[in-house]
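Below is one structure; the comments refer to it alone.
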Amino acid sequence: MDTKFYVGIDVSKLVFDLAILKVTNHQKGAMITERFENNAQGIKALHKWLKDQKVSLDDNSLVVIENTGVYHRLIWAYCSEHNLPIHIGNATHIKWSLGIARGKNDRIDSQRLCNYAHKNADELKATPVLNPVFIKLKDMLTARSRLLAQAGSIQVYLKELKLSNSAETQKLIEKAHKAALEGIKKSIAEIEKEIHQIIGEDKSIKKNYDLLITVPGIGHLTAAYIICCTNNFAGKITGKQLASYAGVVPFGYSSGTSVKGRDKIHKMANKELKKMLHLCAITSIKHYVEFKEYFDRKKSEGKHPMSIVNAIRNKIVLRAVAVVNNQKAYVDNYKKAA
């Protein structure tokens, strides 16, 4: 008998709700739901419950959860350990695909995810196995971003006070914040050192990292972040897919004869990656002849400066993916031709 199991899990900080649909010879059974604590004990209880329900921990089952950032990691680790296929989907994409929905709670959300898994099983790709190295690397990059934001917040605050405070008061306040800023700077330096160490200890990551930094404009942190976003290019992502994910691809906006909008980038993007690519593009324009001449030429043609910068961001992404997929370092044909 051909039996498939479809599992939808709605994850929150403290608990997760699970719904199972058993399909035998294309005949759906009754959907079963259960709730577990989102901790180590809850995962053990989940394993026992799945065995009681006789769920096969192999390719005959499919688990679908939404990407929650941190809270779904225990389930991801469990599925990776037991070779249980799991698809970690974008929450917005899943929500829109469900159509008009009335009412919402955790139990209903798990049932909707279960039905989503059943309907789209042929199209859903299994998420690669959880790699603790990527999680550690991503956490380090996130910690660095948070520390930078804190330092920036303090500096903006001191700058604003300077407009109204007396010199004596301003000096006292700056002195009070000096230790905090120095501590943040020291912490950032330690995190960056740890990032270098993590990359150096993993051969596959180090190999792709060395290829990425050969691309003009891409530096140490951008290369590390791209590796995290793509799970070290485990899914053979294309350049267009990564560019779309980073929000640097313009999309058309037109319909019939009445709606004729200009091409523009979509607001849905990985903002951190987009910011890094923007800095890469600005650096490239300053230090690489090819991009500088491209920018000047397009500007003379009447293009908006930000539109040109976005085009350069797109070029950088396409080249980054190309060097990794081809496993060859970037060759500067522009300089070679000159």
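Restricting the count to DSSP beta bridges whose residues both fall in the chain, what percent are antiparallel, rounded to a multiple of 5?
Working: 22 of 31 bridges.
The antiparallel proportion sits near 70 percent.
Determine the shape class of region 100-230: with a ≥ b ≥ c the square roots of the Cα gyration tensor eigenvalues, call it rounded for a/c under 1.5, and otherwise prolate if a/b is greater than b/c, oblate otherwise.
Taking the square roots of the gyration eigenvalues as a ≥ b ≥ c, region 100-230 is oblate.
What nm value, rounded to one decimal, do you get for the distance between residue 123 and residue 2 when each label is placed 7 Å out toward the C-beta?
2.0 nm
Taking amide H positions as placed in the peptide plane 1.01 Å from N, state which residues far from residue 214 in sequence (5 or more) or on other chains have amide H under 5 Å from it.
Hits under the 5 Å cutoff: 330.
Evaluate the charge dipole of region 3-119 about its Cα centre and quote only its size in Debye, nearest 20, assuming +1 on the Cβ of each Lys and Arg and -1 on the Cβ of each Asp and Glu. Write out the running numbers ahead of the final one.
Numbers: 16 positive and 11 negative charges, 61 e Å.
Magnitude of the dipole: close to 300 debye.
Taking springs between alpha-carbon atoms closer than 10 angstrom, which of 325, 208, 165 fluctuates most in the Gaussian network model of the chain?
Result: 165 has the largest fluctuation of those listed.
Take residue 146 and residue 179, extend 7 Å from each Cα along the Cα→Cβ direction, and tell me the distance between the two endpoints in nm.
Once both label points are built, they end up 2.2 nm from each other.
I want to verify the translational diffusion coefficient of the chain in µm²/s; compute it with Stokes-Einstein, Rh as the Kirkwood radius over Cα pairs, at 10 °C and 1.306 mPa s.
68 µm²/s
So, in nm, how far is label residue 214 from label residue 254 when the simple model puts each one 7 Å beyond its Cα toward the Cβ?
4.0 nm
Once you charge only the Cβ atoms, +1 for Lys and Arg and -1 for Asp and Glu, what is the size of the charge dipole of the chain about its Cα centre, to the nearest 20 debye?
960 debye
Could you give the length gained by full extension between residue 157 and residue 104, i.e. 0.36 nm per residue of separation minus their alpha carbon distance, to one decimal place?
Numbers: separation 53, 0.36 × 53 = 19.08 nm, distance 4.09 nm.
Result: 15.0 nm gained on full extension.
Would you mind pulling out the separation of the Cα centroids of region 259-330 and region 173-246, in Å?
First find each Cα centre; the distance between them is then 19 Å.
Contour minus end-to-end for residue 59 and residue 329, with contour as 0.36 nm per residue of separation and end-to-end as the Cα-Cα distance? Before the final figure, lay out the partial values.
Values: separation 270, 0.36 × 270 = 97.20 nm, distance 3.69 nm.
Gain in length upon complete extension: 93.5 nm.
Based on alpha-carbon centroids, what's the gap between region 2-77 and region 90-149 in Å, whole number please?
14 Å
Can you work out the FRET efficiency for the pair residue 186 and residue 136, with r the C-beta to C-beta distance and R0 = 25 Å, to the nearest 0.05?
Working from the Cβ atoms, E equals 0.80.
Determine the gain in length on full extension of the stretch residue 164-residue 203; use 0.36 nm per residue of separation and subtract their C-alpha separation, reporting nm with one decimal.
8.6 nm
Readers should treat all values here as calculations from the given coordinates under stated rules, not as data from a laboratory. Bear in mind the structure is a predicted one, so any value in this text is a computation, not a measurement. With ideal geometry, Cβ positions are generated from the backbone for all residues, glycine too; neighbour counts draw on all protein chains shown.
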